[in-house]
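S.K.: Please see the structure below; I have some questions.
Here, each number is a calculation from the coordinates, and none is a lab measurement. Everything numeric here is computed off the predicted structure, so don't read it as measured data. Positions of Cβ are backbone-derived with ideal geometry, glycine not excepted, and every protein chain shown enters the neighbour counts.
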């Protein structure tokens, strides 16, 4: 049975509240994991694990939160993503909204791509697959 957007959001919200020790009302669709919810890189593994359990899905490493982009000089230079890096990230994260980030692909702002809604979008595509 397909889950509604609201049901998916609710489960994602619950998962993030448990993983990050934040309040329900802090976990809005637009909240960013690192900036707004205080997630650190170690939390991402925990979040993936909890999402897999909550939704009974498998999330391959690096699929929800892409890895190894910043270490590649073809993709990142002088603190910014290159055009190639941006293209790579978009390909790996079709579930993210790039409209703001594209204007200024500063690697320090990459965390802004990891919004609660990004996770919801990702989970919906996984459940539909």
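S.K.: So what are the radius of gyration and Dmax for the Cα set of region 1-49, in Å?
M.R.: Over region 1-49's Cα set, Rg and Dmax evaluate to 11.0, 34 Å.
S.K.: Per the Debye formula with a single identical scatterer at each Cα and no solvent contribution, what log10 I(q)/I(0) holds for region 24-74 at q = 0.13 Å⁻¹?
M.R.: -0.40
S.K.: Given the alpha-carbon gyration tensor of region 48-109, what are the semi-axes of its equivalent ellipsoid in whole angstrom, ordered largest first, with each equal to the square root of 5 times an eigenvalue?
M.R.: Whole-Å semi-axes of the equivalent ellipsoid: 25, 13, 9.
S.K.: List residues of region 108-126, by number, whose backbone nitrogen lies under 20 Å from a label position 7 Å along Cα→C-beta of residue 78.
M.R.: In region 108-126, the label zone of residue 78 (backbone N under 20 Å from the point 7 Å along Cα→Cβ) covers 108-110.
S.K.: Pick out which of 48, 22, 116 has the largest mean-square fluctuation in a Gaussian network model of the chain, springs linking Cα atoms closer than 10 Å.
M.R.: 22
S.K.: Distance in nm between label sites at residue 103 and residue 128, each 7 Å beyond Cα in the beta-carbon direction?
M.R.: 2.8
S.K.: I've got another one for you. Quote the relative contact order of the chain in percent (integer), defining contacts as alpha-carbon pairs under 8 Å separated by 6+ residues.
M.R.: Relative contact order of the chain: 32 percent.
S.K.: OK, next. Just for the Cα atoms in region 1-124, what are the lengths along the principal axes, largest first, rounded to whole Å?
M.R.: The Cα atoms of region 1-124 stretch 41, 28, 25 Å along the principal axes, largest first.
S.K.: Show me 53-60, 117-124, 37-44, 11-18 ranked by packing, highest mean number of other Cβ atoms within 10 Å first.
M.R.: Put in order of decreasing packing, that is 117-124, 11-18, 37-44, 53-60.
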